[in-house]
Amino acid sequence: MTQPDTLDGMPKRLWSCTPTRLDTWLTCPRRYRFTYLEHRSKGAPWAHNSMGSAVHAALRDWYVAPSAQRTPAYATELVERQWLSDGFRDTAQSEAWRSRSAQMAASYVVTQDADEEPVGIERTVSAATHGMALSGRVDRIDLRASADGGEELVIVDYKTGRHPLTSDDARSSLALAIYVVSARRTLRMRARRVELHHLPSATVAAYEHTEESLERHLGRAEQIAQEASAAEQRWRTDLEPLATSVADGDAEAIAAVDAVFPAVPSTGCSWCDYRRWCPAGQDASQEIASWTALGARETD
Ligand code: SF4
């Protein structure tokens, strides 16, 4: 879809967004308001996020190091150095997971070519398209040989969650599609392949996008962006001044804000960082411990 012009012929201002921002709107507009407009404080940190951050940071530093230094032992050392204990039940649980995660990173790097130099490590890429100024930070961008004898970019996203992923997950990921489009624009090279590297299972879920599949994702992103940007406009013009009345429990003000930023309560609200601010989310979900996502192995 072409970008509409304003009446005076000047191009319409692009709406800046990231995949996370779009996903937040799609998941729950109230959460979007808490996150991006009101900047409310989050709940306690999650242990699985601490673990994921440490592993991501370790893999980043592993690739930044000279290739001769890229050994499994160095990956272990980096995870141990980057470790965060936030969200774990106690020191014993944190230490057990530090050791497990260091081993997981070491096993993963064995499967990678230490002599390959990625084109990007935690690289921010961006593209202006479909009325949006898209941007995102990619875990890793490889440059690999393509079937026609040339070279193309490959988007690599590290995953440390419990469940293995499938090619359907790679295909349906709006974030990965946005990274492809943005990497093309930023690095001015061909790109179509996306890969989810699931470290706990040592598996890779991949998908090769076509122009049609990318266009479908961009169309969806544009639709979400239009809804979110229109709501933001309403926030700035009409709703932000009602914030004090909302805080005071004024039913009319609350209804006006909720009409534009409705809550989407579900059992998944257990994982929402803003659950403590949200009675609807509390009614719909259980309070869970910050180490719950570690799963059955939480007692380690
Ligand atoms: S707790 Fe649930 S309904 Fe409330 S803001 Fe979070 S996701 Fe939305």
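The values are calculated or read from the model by the stated rules, or taken from the named source; none is laboratory data. Predicted, not measured: the structure shown is a model, and the values here were computed from it. Every residue, glycine as well, gets a Cβ built from its backbone with ideal geometry; the counts of neighbours run over all protein chains shown.
What helices (runs of 4 or more DSSP H) completely inside the range 204-300 contain at least 2 residues that are more than 10 Å from the ligand (Cβ to nearest atom)?
On the way: elements: 211-234, 243-247, 251-260, 279-284.
Those helices (runs of 4 or more DSSP H) span 211-234, 243-247, 251-260.
Output the number of the condition that residue 41 fails; it satisfies all remaining conditions of (1) of a type in the set (Ser, Thr, Tyr); (2) within 15 Å of the ligand (Cβ to nearest atom); (3) surrounded by 19 or more Cβ atoms within 10 Å (Cβ to Cβ).
Evaluating residue 41 over (1) of a type in the set (Ser, Thr, Tyr); (2) within 15 Å of the ligand (Cβ to nearest atom); (3) surrounded by 19 or more Cβ atoms within 10 Å (Cβ to Cβ) leaves (3) as the failure.
Touching a His at 6+ places or on another chain (Cβ under 6 Å), of a type in the set (A, V, I, L, M, F, W, C) and either buried (at least 19 other Cβ atoms within 10 Å of the Cβ) or not assigned by TED's automatic domain parsing to the domain that holds residue 142 (or both) - does that describe any residue in the range 220-234?
Initial filter on the range 220-234 (touching a His at 6+ places or on another chain (Cβ under 6 Å)): 222.
Going one step further and asking which of them are of a type in the set (A, V, I, L, M, F, W, C), we end up with none.
Taking every residue of the range 220-234 in turn, none turns out to be touching a His at 6+ places or on another chain (Cβ under 6 Å), of a type in the set (A, V, I, L, M, F, W, C) and either buried (at least 19 other Cβ atoms within 10 Å of the Cβ) or not assigned by TED's automatic domain parsing to the domain that holds residue 142 (or both).
Considering (1) outside any helix (DSSP H, G or I); (2) under 27 Å from residue 176 (Cα atoms); (3) in contact (Cβ under 8 Å) with a residue 40 or more places away in the chain, say which one residue 20 fails and leave the rest.
Failed condition: (1).
Could you count how many residues in the range 147-166 are assigned to a loop (DSSP other than H, G, I, E, B) and without any contact (Cβ under 8 Å) to a residue 60 or more places away in the chain?
Going residue by residue through the range 147-166, those that are assigned to a loop (DSSP other than H, G, I, E, B) are 147-150, 160-166.
Checking the rest, the ones that are also without any contact (Cβ under 8 Å) to a residue 60 or more places away in the chain come to 147-150, 163-166.
Residues that pass the stated criteria total 8.
Starting from residues that are of a type in the set (Lys, Arg) and assigned to a strand (DSSP E or B), keep the ones in the range 186-201 and report whichever is surrounded by the most Cβ atoms within 10 Å (Cβ to Cβ).
Start the filter on the range 186-201 by keeping residues that are of a type in the set (Lys, Arg), which leaves 188, 190, 192-193.
Subset that is assigned to a strand (DSSP E or B): 192-193.
Working: 192: 18, 193: 20.
Applying the filter and picking the extreme gives 193.
For the range 138-150, which residues satisfy the criterion of being of a type outside the set (Gly, Ala, Ser) and exposed (fewer than 14 other Cβ atoms within 10 Å of the Cβ)? Can you show your working first?
Within the range 138-150, the first condition is being of a type outside the set (Gly, Ala, Ser), and the residues that meet it are 138-144, 148.
Listed by number, the residues that qualify are 144, 148.
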